[in-house]
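Below is one structure; the comments refer to it alone.
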Amino acid sequence: MSETGMSTNRILPGVQCFAWNKDGSMAAICPTNNEIWIFETQSTPDVSKWTKVATLKEHFSVISSLDWHPKTNLLLSASTDRSIIVWEQGKTSSDFQPQIGMIKEQKANLDATWNHDGTSFCVGSSSGNVYIGTYSEANNFWVAHSITKKPAHKASVVCVRFDPLSGRAVASASLDGSIQINSCCPKDATSSSAQGPFGKVTSYGETLVNIQANGWCNFISWSPNAS
């Protein structure tokens, strides 16, 4: 109880990252270790009333990023153990099955997020690489490839975000003091399905924008219309 009389709810020892499901009825939380705790929130901000329904333990090191897609209901996790995992929820709130994710990263994965329709994800890593991951139906697993032949940045990429309308461009923020926007148009994309200012992009791995910030870039975000 604080001096003001208001109670403080805590998840110990701390929170490394978290993600909500579509309606906020569930939350995925990493408590600064290699576990993902899945809670049913009971639609209340009082953490003491939340119910932990699952503990996911497939990662070997600290989980650096979580993203729960509102349409597909797939939960994406990235870890400093160099792995990525896509979790699919079963029929019950406690049933989460890991789907295989392949990524050739030699250092830590620091951030990961889905695109707007949940068909691909991007990952930012300590090596300076930005990866785009898609699902291979023929092989029944997710695979992520670096968006460029050489690392996109000279230092760790700490934040990555798809443009919110077309998903054909990804922005990355790095500790090298730069922000980049690179194209990532899928090979099977059609122009009729594209929207927004990057809707006409047809290339992959092309640097569209490079901004020098003269300092560490810790976070990046798009406006709703990607303008």
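The values are calculated or read from the model by the stated rules, or taken from the named source; none is laboratory data. All figures in this text were calculated on a predicted structure; none of them were measured in a lab. A quick note on method: Cβ atoms are made from the backbone with ideal geometry, for glycine too, and the neighbour counts reach across all protein chains shown. We work out accessible area using only protein heavy atoms, side chains counted, and drop any ligands, DNA or RNA first. Shrake-Rupley method; radii C 1.70, N 1.55, O 1.52, S 1.80 Å.
Brief remarks on what is shown
- Available extension along the chain between residue 200 and residue 73 is 42.9 nm, counting 0.36 nm per residue and deducting the alpha carbon span.
- One decimal place: the segment residue 119-residue 225 gains 36.2 nm when fully extended, by the rule 0.36 nm per residue minus the C-alpha distance.
- Under 5 Å between amide hydrogens, built in the peptide plane, is the criterion, and for residue 83 it picks out 109 among residues at least 5 positions away or on other chains.
- Semi-axis lengths, Å, the chain, gyration tensor of Cα atoms, sqrt of 5 times eigenvalues: 30, 20, 18
- Between residue 188 and residue 44, the modelled labels are 4.7 nm apart [label points 7 Å from Cα along Cα→Cβ].
- Once the C-beta distance of residue 91 and residue 141 is scaled by a Förster radius of 22 Å, the resulting FRET efficiency is 0.50 to the nearest 0.05.
- Karplus-derived HN-Hα couplings along the stretch 174-182 (A = 6.51, B = -1.76, C = 1.60, θ = phi - 60°), whole Hz, x at Gly and Pro: 10, 6, 7, x, 10, 10, 10, 10, 10
- Nonpolar atom fraction for the stretch 3-148, defined as the carbon and sulfur part of the 1.4 Å probe accessible area, stands at 49 percent.
- The chain - accessible surface per residue (Å², probe 1.4 Å): 54 Å²
- The stretch 70-125 - Kirkwood radius from inverse mean 1/r over Cα pairs (Å): 12.0 Å
- Remark: the stretch 29-38, residue by residue, has Karplus-estimated 3J(HN,Hα) of 9, 9, x, 6, 8, 9, 10, 10, 9, 9 Hz, where x stands for each Gly or Pro and the curve is 6.51 cos²θ - 1.76 cosθ + 1.60 at θ = phi - 60°.
- Total lysine pairs in the stretch 1-127 at Cα distances under 28 Å, for residues eight or more apart or on different chains: 16.
- The phi torsions of the stretch 99-107, fed into the Karplus equation with coefficients 6.51, -1.76 and 1.60 and a -60° offset, translate into couplings of 9, 5, x, 10, 8, 9, 9, 9, 10 Hz, rounded to whole numbers, with Gly and Pro shown as x.
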